[in-house]
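Please read the structure below before turning to the comments.
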Amino acid sequence: MAGLTKYLSFFLLVLLAGPVAATVSGMARIGGDWRSANRDSAGIAPDPAAVTLPIVQVYGARAFGWRGAFAVHTWIAVKPREAAAYTVYEVIGWRFWHGQSPVSQREDPHPDRHWFGSPPEIYLELRGDQAEAMIDKIQAAADAYPYQNTYRTWPGPNSNTFTAYVARAVPELRLDLPPTAIGKDYLGKSTFAAESPSSTGYQVSLFGVLGLLVGREEGLEINLLGLSFGIDPNDLALKLPGLGRLGPDRS
């Protein structure tokens, strides 16, 4: 019994080390009032009044409160040619908790807003004809998302489940979501194998809490209780719970 307790303690220590480090280092901001949290633009999205080309972007930012130690919140933005604003697609938990569909589609000239105090990061940006060819597909995938009236913070379906679903439906995106996008591996109650979100590999997942992913874009990822460990040989990067992707800048 003592041996089992020792192994369980070590297992929990490994799982929680990254989230604790993310909190101590300031990567995740714990606390604060969501009503007064920063929702301003980060100034990294092209001004739709100045850039007429079609644009597709995928963003992520640390989740609000204690969840930010573990996970990011992700969203997708598209701007058709000569559009005056972006269309932002995301899943928001409070909408579900207030009796609405968690899936939000809205127009916004600033898709790069802070997520309640957390600065956004761009995971993907496409412009021009390549982006234009995907905009209608992204809209169709958002409309076909199977969890229009369901939300669960852990292990999903949540905001990252939505972004991963759209990515699989539009394989040309080749979207590599970070290991902190908890929920991206949730495949549903009856699906246990699928393409990886980048559509460059495959994964097996048991309700989003245990799984394995191998892909050209993602590398190798192991999912334990929704937390991902992995290595990306292409970019010489490690993937760790809480800390995310550690390696050379991919910009």
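All of the numbers you see were taken from the coordinates with simple rules; none came from a lab. Remember, it's a predicted structure, so these values are computed and weren't measured experimentally. Cβ atoms come from the backbone with ideal geometry, glycine included; neighbour counts cover every protein chain shown.
Residue under question is L173, and the condition is that it be in contact (Cβ under 8 Å) with a residue 40 or more places away in the chain, among the hydrophobic types (A, V, I, L, M, F, W, C), closer than 27 Å to V56 by Cα and surrounded by 17 or more Cβ atoms within 10 Å (Cβ to Cβ); does it hold? Answer is yes for this residue. Within the stretch 143-164, identify whether any single residue is surrounded by 24 or more Cβ atoms within 10 Å (Cβ to Cβ) and β-branched (V, I, T), and answer yes or no. Looking for residues that are surrounded by 24 or more Cβ atoms within 10 Å (Cβ to Cβ) and β-branched (V, I, T), one finds at least one in the stretch 143-164, hence yes.
Among the conditions (1) assigned to a loop (DSSP other than H, G, I, E, B); (2) small (G, A, S); (3) under 21 Å from V58 (Cα atoms), S228 misses just one, which is (1). Only residues that are out of contact with any Leu (no Cβ under 9 Å at 6 or more places or on another chain) and outside any loop (DSSP other than H, G, I, E, B) were counted across the stretch 17-31, and they come to 3. The residue that is surrounded by the fewest Cβ atoms within 10 Å (Cβ to Cβ), among those in the stretch 32-58 that are small (G, A, S) and in a loop (DSSP other than H, G, I, E, B), is A50.
Scanning the stretch 201-210 for residues that are under 17 Å from I231 (Cβ atoms) and within 17 Å of the chain's Cα centre (by Cα) yields a count of 1.
Please go through the stretch 59-73 and pick out each residue that is crowded, with 18+ Cβ neighbours inside 10 Å and either of a type outside the set (V, I, T) or more than 24 Å from R245 (Cβ to Cβ) (or both). Break it down into steps so the answer makes sense when it comes.
Of all residues in the stretch 59-73, those crowded, with 18+ Cβ neighbours inside 10 Å come to 59-64, 67-73.
Across the stretch 59-73, the qualifying residues are Y59, G60, A61, R62, A63, F64, R67, G68, A69, F70, A71, H73.
Screening the candidates Y123, Y145 for the property of being touching a Gly at 6+ places or on another chain (Cβ under 8 Å) and not polar (S, T, N, Q) yields one hit, Y123. Just checking, which of A83, A77, A61 is of a type in the set (G, A, S), more than 12 Å from T163 (Cβ to Cβ) and over 12 Å from the mean Cα position of the chain (by Cα)? Selected residue: A83, the only one of A83, A77, A61 that is of a type in the set (G, A, S), more than 12 Å from T163 (Cβ to Cβ) and over 12 Å from the mean Cα position of the chain (by Cα).
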